[in-house]
Amino acid sequence: MRLPIVAAVAVSLSIAGSAQTKPRARDLGIPFEGTPGPLNAITDVRGVEVGLATIVRGDGALKPGEGPVRTGVTVVLPRGKESADPVFAAWFSQNGNGEMTGTTWIDEGGFMEGPVFITNTHSVGVVRDAAIAWSVKAGKMFQPWSLPVVAETYDGSLNDINGFHVKSEHVAQAIESAAGGRVPEGNVGGGTGMICYEFKCGTGTASRKLSPQQGGYTVGVLVQANHGRRGELQIAGAPVGRDIPVAVAPRGGVLPPSTEEQGSIIIVVATDAPLLPHQLERLARRATMGLARTGATSGNGSGDIFLAFSTANDGVAAAPREIHVNMLSNSRISAVFSATVEATEEAIINALIGAETMTGIDNRRVEAIPHQRVRELLKKYGR
């Protein structure tokens, strides 16, 4: 049994100095299609950096403004924090009961001019403002004005979300900690207080490396998963969720089963394949298929918003005159689509496997998915 968190802590996690010691989905023998990159993470796409600020503080009864706090910030920097070079990008809303700022200019201009931030629903404003302040101070503004991309999912089942505990310093911590290398998963960053398929969930990542014959490109995915009902969950095609019922504690400590989906998922897709914005929109749409493989149906209450960017064609946004850009032909793009679907599916399952049981506001407890039971069910269903 896990004890409630009693120490007051605020943690900023450095990617480079944080080894991945927890098991991942493949460590449980879960079979996935495709070949992952060396790290099986979004950071397998060269230049991409990820940073996290995790805030865990207090326990017991909810006292708005005081806690308990179970939240944070995640940042994905397409070319790393030392670069202000925009990337071609596009986005797609599978179900729009959520928020991703900065998308109007992505639609119009075809570029994303900075990092992607992910946090909780009621902290989008402060993260946006802090992102602008950082870009001004660091001299990373591409235009005289900044239109940051900030996305969210709701962590109010475990976190004092109306206490507004994410501050500008947490955004700075996330950015400064950003690095390539392994990416922590589960209860970290913006995913700290998140729940998916009624298990503890959060941040997850995965990647796919295409064969030389397919171009040798890399596709990486990072998710903040907070969606789905228990009975929907499928792992490698096995209906795992319906075989693990939600246990309701006699005193109501465990959240009861849900009859209406009220969660969300943010999916960020990165690739080094030379794709233009209209192709990247097609890529973002393919994330829906990876999500569907895990059983999700994108209910009315779910904010399922996806963004894709390409690190190819560097320097083109600032070109002073007519230039040439590289573009992958449509006859070769299908392999990149397949890689996106496969990496999205695995990133979501990695978010589940990497999460740990958490107790939050009013002693509500959300259990982590039981790893041994997953193994047993995969065997039961021949997976």
When (1) under 29 Å from Glu367 (Cα atoms); (2) of a type in the set (Ser, Thr, Tyr); (3) outside any loop (DSSP other than H, G, I, E, B) are applied to Ser157, the one that fails is (3)
Filter region 255-305 down to residues that are at pLDDT 95 or above, touching a Gly at 6+ places or on another chain (Cβ under 6 Å), surrounded by fewer than 24 Cβ atoms within 10 Å (Cβ to Cβ) and closer than 30 Å to Ile361 by Cα, then give me how many there are.
0
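Can you work out which of the residues in region 209-234 that are hydroxyl-bearing (Ser, Thr, Tyr) and surrounded by 22 or more Cβ atoms within 10 Å (Cβ to Cβ) is farthest from Asn97 (Cα to Cα)?
Tyr217
Condition check ((1) more than 20 Å from Ile175 (Cβ to Cβ); (2) out of contact with any helix residue (DSSP H, G or I) (no Cβ under 8 Å at 6 or more places or on another chain)) across all residues:
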| site | (1), (2) |
| --- | --- |
| Gly96 | yes, yes |
| Thr101 | no, no |
| Glu113 | no, no |
| Ile118 | no, no |
| Ala130 | no, no |
| Ser135 | no, yes |
| Ala138 | no, yes |
| Pro144 | yes, yes |
| Pro148 | no, no |
Residue identified as crowded, with 18+ Cβ neighbours inside 10 Å, within 24 Å of Thr103 (Cβ to Cβ), within 17 Å of the chain's Cα centre (by Cα) and not basic (Lys, Arg) among Thr311, Thr344
Thr344
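Take Ser338 and decide whether it is buried (at least 17 other Cβ atoms within 10 Å of the Cβ), within 16 Å of the chain's Cα centre (by Cα), within 30 Å of Arg375 (Cα to Cα) and at pLDDT 95 or above.
Details: buried (at least 17 other Cβ atoms within 10 Å of the Cβ): yes; within 16 Å of the chain's Cα centre (by Cα): no; within 30 Å of Arg375 (Cα to Cα): yes; at pLDDT 95 or above: yes.
Judged against the criteria, Ser338 is not a match.
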Per the list (1) at pLDDT 95 or above; (2) more than 30 Å from Asn226 (Cβ to Cβ), residue check on Arg321 breaks on (1)
Lone qualifier among Gly181, Gly189 - being surrounded by fewer than 24 Cβ atoms within 10 Å (Cβ to Cβ) and either free of Cβ contacts under 8 Å to residues at least 12 places away in the same chain or not basic (Lys, Arg) (or both):
Gly181
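The values are calculated or read from the model by the stated rules, or taken from the named source; none is laboratory data. Owing to the predicted nature of the structure, the values given are computational and were not obtained by experimental measurement. Backbone-built Cβ (ideal geometry, glycine too); neighbour counts: all protein chains shown.
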